[in-house]
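Below: the structure, in structure tokens.
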């Protein structure tokens with residue numbers, strides 16, 4: 001299995017390439033910025049992505065959706081329906097931060113809790129983990145979690161942004177902690193970690 005990361009944009013967001021093997025079926029997760037670097041990451045691994053999966057729709061996770069669609073015409077984009085309102089606010093959020101913005105076309109597909117996603121022989125389950133964003137999801141399987149902005153190495157996601165829900169976020173974090181300790185967490189920002197490491201040392205779980 002291939003899990004490749006490129007950190008993009010002013011928010012240093014992690015965009016991931018997931019593939020069964022070099023040259024095999026692949027998916028891009030959270031193309032946040034610098035679409036040219038995302039295209040290079042796929043090419044270096046001999047992959048032609050067949051889908052874009054979004055953990056949520058904050059601007060730092062969707063800013064290169066349009067560039068990815070130009071690189072691979074017809075590639076479908078999937079998002080949880082509860083985050084469509086966040087997706088639509090991209091231009092407003094970019095203006096707040098003084099950033100250029102190209103509003104992507106709406107996602108073609110919708111995630112639902114419990115969906116099972118395939119990349120070749122790889123399988124991932126969709127967990128709806130609201131709080132940081134209303135439609136935030138994570139992809140769980142193959143011993144790992146592509147977790148977006150829920151859990152970071154030594155920290156957790158913000159709950160002070162529009163449409164955040166701190167109570168729902170607390171429930172989502174408790175659910176994440178039901179995963180095995182050896183589950184590798186690939187977060188939306190920062191370095192990978194494990195559930196066990198965060199359970200033992202993350203100050204938000206003290």
>> Please go through the stretch 1-18 and give me each residue that is under 16 Å from residue 143 (Cα atoms) and assigned to a loop (DSSP other than H, G, I, E, B), ordered by number.
In response: 1
> Does at least one position in the stretch 180-197 carry a residue that is over 23 Å from residue 15 (Cα atoms), part of a loop (DSSP other than H, G, I, E, B), touching a residue at least 12 places away in the same chain (Cβ under 8 Å) and touching a helix residue (DSSP H, G or I) at 6+ places or on another chain (Cβ under 9 Å)?
Replying inline: yes
>> Taking the condition of being in a loop (DSSP other than H, G, I, E, B), surrounded by fewer than 24 Cβ atoms within 10 Å (Cβ to Cβ) and either in contact with a strand residue (DSSP E or B) (Cβ under 6 Å, 6 or more places away or on another chain) or touching a residue at least 12 places away in the same chain (Cβ under 8 Å) (or both), how many residues in the stretch 147-163 meet it?
In response: 7
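Within the stretch 87-122, how many residues turn out to be in contact with a strand residue (DSSP E or B) (Cβ under 9 Å, 6 or more places away or on another chain) and under 25 Å from residue 9 (Cα atoms)?
Residues in the stretch 87-122 being in contact with a strand residue (DSSP E or B) (Cβ under 9 Å, 6 or more places away or on another chain) and under 25 Å from residue 9 (Cα atoms): 6 in total.
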> In the stretch 19-51, which residues are under 17 Å from the mean Cα position of the chain (by Cα), crowded, with 23+ Cβ neighbours inside 10 Å and part of a loop (DSSP other than H, G, I, E, B)?
Replying inline: 30, 31, 32, 33, 49
>> Anything in the stretch 22-39 that is farther than 30 Å from residue 159 by Cα, touching a strand residue (DSSP E or B) at 6+ places or on another chain (Cβ under 8 Å) and without any contact (Cβ under 8 Å) to a residue 60 or more places away in the chain? List them, or say none.
In response: 22
>> For the list (1) closer than 19 Å to residue 18 by Cβ; (2) surrounded by fewer than 20 Cβ atoms within 10 Å (Cβ to Cβ), I need the number of the one condition that residue 126 fails.
In response: (2)
>> Residues that are modelled with pLDDT of 95 or more and under 13 Å from the mean Cα position of the chain (by Cα): list the helices (runs of 4 or more DSSP H) wholly contained in the stretch 65-145 that include at least 1 such residues.
In response: 65-71
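The values are calculated or read from the model by the stated rules, or taken from the named source; none is laboratory data. Not measured: the values here are computed from a predicted model. Virtual Cβ from ideal backbone geometry, glycine too; neighbours counted across all protein chains shown.
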